[in-house]
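Worksheet for the structure shown next.
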Amino acid sequence: MTDEISQPRMILYGRRRGRPLRRHRSDLLETLLPALRLEVPADGTAIDPARLFPRPVADLWLEVGFGGGEHLAAQAAANPGVGLIGCEPFVNGVASLLQHVEARGLENVRIVPDDARPVLDALPDASVGRVFVLFPDPWPKLRHAFRRFIGPDNLPRLSRVLKDGAELRLATDDWQLCRWMLEHTWRHPDFEWLARRPEDWRVRPDDWPQTRYEQKAVEAGRKPVFLRFRRRPR
């Protein structure tokens, strides 16, 4: 790890816990999470994607801040040949994903109940075929803008681990954050925005399962946007 990676901006902001968990979800944290938990190597060695899952996978996808886990679980069920890593520091969200994994019998999911940045730093170059950052905290106050995940600090991390032609999917219902993410990602030389017409960012693609955050936004009258970027060839 470099000195830059250990600086204060690696502080993780946001809640760790919410309401008390129901008994079954609490039990899953003790029984199922240890089997699915992905630990970042403490000695600085790279994560070996080939050793993460019980069977070989054709690709590796990563979701940063998976919320309640419904999107990640749906993607894992629809793509059994793909391995998915989900990062989420909010304990209640982790417990929710564990319940989805148990109910669907998913074997291609690994969970990091913590910050995604150390995982990104430990993954090999060009090892990830798709990254999802869906409805992240918008941090609306200007003095908190540096906390937004998509920005100058993390786009290089994402660029490094994404394969040539891999996809970065972003979603939000906050227009200030939308402008921020679009500006920073569109200006980054390694990313190409895939939208060619308004429907490409106004309408969620068929292979993009709805999250509960999107559902809440729609019910509240807010219009989500769906941004898709491709990692340019090196």
Exercise for the section: Could you please let me know if F66 is under 25 Å from R147 (Cα atoms) and at pLDDT 95 or above? Expected result: yes
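For the structure I just gave you, tell me whether A42 is touching a His at 6+ places or on another chain (Cβ under 6 Å) and either outside any loop (DSSP other than H, G, I, E, B) or more than 25 Å from D190 (Cβ to Cβ) (or both). Before the answer, list the steps.
On the way: touching a His at 6+ places or on another chain (Cβ under 6 Å): no; either outside any loop (DSSP other than H, G, I, E, B) or more than 25 Å from D190 (Cβ to Cβ) (or both): yes.
Answer is no for this residue.
Out of R231, R169, R157, which single residue is open to solvent by less than 70 Å² (accessible area, probe 1.4 Å), in contact (Cβ under 8 Å) with a residue 40 or more places away in the chain, among the basic types (K, R) and over 22 Å from G67 (Cβ atoms)? Step through it out loud before you land on a result.
Working: R169 fails: over 22 Å from G67 (Cβ atoms); R157 fails: over 22 Å from G67 (Cβ atoms).
None of the other options fit; the residue is R231.
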Fill in the blank from the handout: Per the filter on the stretch 44-92, residues under 20 Å from A103 (Cβ atoms), among the acidic types (D, E) and either in contact with a Gly (Cβ under 7 Å, 6 or more places away or on another chain) or surrounded by fewer than 18 Cβ atoms within 10 Å (Cβ to Cβ) (or both) are E63, E88
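Name the single residue, out of those in the stretch 93-139 being basic (K, R) and crowded, with 19+ Cβ neighbours inside 10 Å, that is nearest to D164 (Cα to Cα).
Of the residues in the stretch 93-139, the ones basic (K, R) are 104, 110, 117, 130.
Then drop every residue that is not crowded, with 19+ Cβ neighbours inside 10 Å, which leaves 110, 117, 130.
Values: R110: 23, R117: 20, R130: 10 Å.
Here the residue is R130.
Can you tell which of A78, A58, A46 is more than 20 Å from E167 (Cβ to Cβ) and not β-branched (V, I, T)?
Numbers: A78 fails: more than 20 Å from E167 (Cβ to Cβ); A58 fails: more than 20 Å from E167 (Cβ to Cβ).
Going through A78, A58, A46 in turn, the sole match is A46.
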Problem - Number of the condition not met by K163 [criteria: (1) more than 15 Å from the chain's Cα centre (by Cα); (2) surrounded by 19 or more Cβ atoms within 10 Å (Cβ to Cβ); (3) within 24 Å of P209 (Cα to Cα); (4) not aliphatic (A, V, I, L, M)] - result: (2)
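The values are calculated or read from the model by the stated rules, or taken from the named source; none is laboratory data. Since this is a predicted model, take the numbers as computed values, not measurements. Every residue, glycine among them, receives a Cβ derived from its backbone with ideal geometry; neighbour counts consider all protein chains shown. The area values use the complete protein model at the heavy-atom level, side chains included, leaving out ligands, DNA and RNA. Shrake-Rupley method; radii C 1.70, N 1.55, O 1.52, S 1.80 Å.
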